[in-house]
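J.: Please find one structure pasted underneath; my questions will follow.
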Amino acid sequence: GENVEQHPSTLSVQEGDSAVIKCTYSDSASNYFPWYKQELGKRPQLIIDIRSNVGEKKDQRIAVTLNKTAKHFSLHITETQPEDSAVYFCAASGGSNYKLTFGKGTLLTVNP
Amino acid sequence: KAGVTQTPRYLIKTRGQQVTLSCSPISGHRSVSWYQQTPGQGLQFLFEYFSETQRNKGNFPGRFSGRQFSNSRSEMNVSTLELGDSALYLCASSWGWGVNEQFFGPGTRLTVL
């Protein structure tokens, strides 16, 4: 089955800096890659996603890149703010099995 | 449009008991997936239902089961509870089978004593 590795497990940045979280996946048939943000005590919220026919997608300060050949995808957050502090999860799904397989998560802390 | 709702939000049970959790998807959504979230294992897929049929199943023992009703509401049941079943149980809904975009409910926090 699919296996998703996520790094780093924790990331601390200063307000205004950029943050990058990286994930690798194992199943070359995967074609959908969402990112979720989970604040403490709250539900995971979809913040951006990308499909395998696209190499990059942006939404304001957030961008995701996908390298199908290397089977990895990354989340980029620019001009970080304290409210960006949360756990971020990457996931992958596709092929004949549509279930989402999640990475273990990255705790992002943005220091004011 | 109202979001995904889950009941109850908190549960305390003892070992050996059984528990039923409920999930109501976003109106119009017909697919419901269930996940177990723990600090050590992250988010692990339990199963997915679409049109009252289980379409996908994760690697959990048979003590974990689920069902979906004609109105798309879903329940999951855990029998013979073990201490290791303590976790946040999340459900997520999407509008159709094979549609990957999923929206999560607030979760049910289960504590097994």
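J.: If neighbour count is taken as other Cβ atoms inside 10 Å, put B:L81, B:L43 in order from fewest to most.
T.: B:L81, B:L43
J.: Right, here's the next one. Short version: ³J(HN,Hα) in whole Hz for each residue of region A:4-19, in order, from phi by Karplus 6.51 cos²θ - 1.76 cosθ + 1.60 (θ = phi - 60°), x for Gly and Pro, what are they?
T.: My calculation for region A:4-19 gives 10, 9, 10, 9, x, 7, 9, 8, 10, 9, 8, 3, x, 6, 9, 10 Hz in order.
J.: In whole Hz and in residue order, list the ³J(HN,Hα) couplings for region B:7-18 that follow from phi through the Karplus curve 6.51 cos²θ - 1.76 cosθ + 1.60, θ = phi - 60°; x for Gly and Pro.
T.: 9, x, 7, 9, 9, 10, 10, 10, 3, x, 6, 10
J.: What percent of all Cα-Cα pairs in region B:1-51 falls in each 5 Å bin, counting up from 0?
T.: 4, 14, 20, 24, 22, 9, 4, 1
J.: In addition: Rank the residues B:L88, A:L100, A:L40 as a footprinting-exposure proxy: fewest other Cβ atoms within 10 Å of their Cβ go first.
T.: Least to most surrounded, the residues fall as A:L40, B:L88, A:L100.
J.: Something else now. Run through the DSSP bridge list for chain B and note the antiparallel percent, rounded to the nearest 5.
T.: If I count the DSSP bridges inside chain B, around 90 percent turn out antiparallel.
J.: Across the residues of A:101-107, average count of Cβ atoms on other protein chains within 10 Å?
T.: Average neighbour count from other chains, rounded to a whole number: 3.
J.: Now, a different point. First select every other residue whose beta carbon is under 11 angstrom from the beta carbon of A:L100; then total the charges, Lys and Arg +1, Asp and Glu -1.
T.: -3
J.: Mind listing the long-range amide H neighbours of A:N31? Cut-off is under 5 Å, sequence gap 5 or more, other chains count too, H placed in the peptide plane at 1.01 Å from N.
T.: A:S93, A:G94, A:G95
J.: Cross-link list A:K99/B:K13; A:K37/A:K104; A:K22/A:K58; A:K42/A:K99: which exceed 18 angstrom alpha carbon to alpha carbon?
T.: Violating the 18 Å Cα-Cα cut-off are A:K99/B:K13; A:K42/A:K99.
J.: Post the alpha-carbon centroid distance, region A:35-112 to region B:19-45, in whole angstrom.
T.: Computed from Cα coordinates, the inter-centre distance equals 19 Å.
J.: ³J(HN,Hα) across region A:69-84 via Karplus (A = 6.51, B = -1.76, C = 1.60, θ = phi - 60°), whole Hz, x for Gly/Pro?
T.: Karplus-based 3J(HN,Hα) across region A:69-84 equals 4, 8, 6, 9, 9, 9, 10, 10, 10, 9, 6, 4, 10, x, 6, 7 Hz.
J.: Next question, about the same structure. Would you mind ranking A:D27, A:D17, B:D85 so that the residue whose beta carbon has the fewest other beta carbons within 10 Å leads the list?
T.: Result, fewest neighbours first: A:D17, A:D27, B:D85.
Values quoted throughout were computed directly from the atomic coordinates according to the rules given, and no laboratory measurement underlies them. Because the structure is a prediction, the values reported are computed rather than measured. Heads up, the Cβs are rebuilt from the backbone with ideal geometry, glycines too, and the neighbour counts pull from every protein chain shown.
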